[in-house]
Amino acid sequence: EAREAARRACWRTGRLTAKEVPEPKPATAKAKAAGDDGKGRRGEGANAAAAAARSRARARDAARDYLAFERDVQRIQPHQYLALCRAETAGVVRVSVEWDDTPAVDAARRALVRKGLRGEKAAEVEVAVKDGVKRLLRPAAERETRARLRDDAIRRAVRDFGANVAALILAPPMRPAAPVVGLDPAHRTGCKIAAVSATGAVLAAAVVHPRREDSDAAGGGEA
């Protein structure tokens, strides 16, 4: 009874919040000295730190709309929750569910506190009930709520993807028929280019890098 009351209360009164995780502080000189035993190791450590910093910067930029996010559990959109999950996995934000656990406490009290119990014993049971809800029931209800949000979001994403693919597959051919060149721009992984004939046959496909990091570092411009 108490668990069901907590589940309903968390879903009804829950508010999903996301807060940005502070960027980790760089390792101290003492820690670096203890972990590095040569120039090679120091170079590897510096490269790994730089790569981690770039990865975090990209993840933070992708989650810029969710660094200080707050929304009712029942009103959050599926794409928003999936974006929050990606940002949380990347270590950019910390997501939590805030909700009123009064109904769960009342249900647990009704189930555990016997009628006629008074005085110190009743007070001790009351304290135990509140502690149990806080330490055990509350985290469980939050996990179940987030699992429900994730399942709903994934089902919606699959449905939308299927609808988009169906629209592309069932789209009528272009009139008048003509060769088409498609471009998928990207900086880090390169721009994907493909050319198809008027009948839909693939003529060519390639990946180009308009601006390479090594060229920029060397003062170069376009590749």
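The values are calculated or read from the model by the stated rules, or taken from the named source; none is laboratory data. Small disclaimer: the values here were computed from a predicted structure and weren't measured. Here the Cβ positions follow ideal geometry from the backbone for every residue, glycine too, while neighbour counts run over all protein chains shown. Protein only, heavy atoms only, side chains kept; ligands, DNA and RNA dropped before computing areas. Shrake-Rupley method; radii C 1.70, N 1.55, O 1.52, S 1.80 Å.
Measuring with a 1.4 angstrom probe and ignoring ligands and nucleic acids, ASP184 comes out at about 80 Å² accessible.
Of the whole protein surface, VAL208 contributes about 60 Å² of accessible area at a 1.4 Å probe radius.
For the residues TRP99, TRP11, a 1.4 Å probe over the protein chains yields an accessible-area ranking, largest first, of TRP11, TRP99. Working from label points 7 Å from Cα in the Cα-to-Cβ sense, the VAL180 to LEU82 distance is 2.3 nm. The modelled label-to-label distance between ARG64 and GLU120, using points 7 Å beyond Cα along the C-beta direction, is 6.2 nm. At the residue level, CYS85 shows approximately 30 square angstrom of accessible surface with a 1.4 angstrom probe and all protein chains present. Between segment 120-197 and segment 55-71, the alpha-carbon centres lie 16 Å apart.
Could you state the accessible area per residue of segment 71-186 in Å², with a 1.4 Å probe and every protein chain left in place?
On the way: 8130 Å² over 116 residues.
The answer is 70 Å² per residue.
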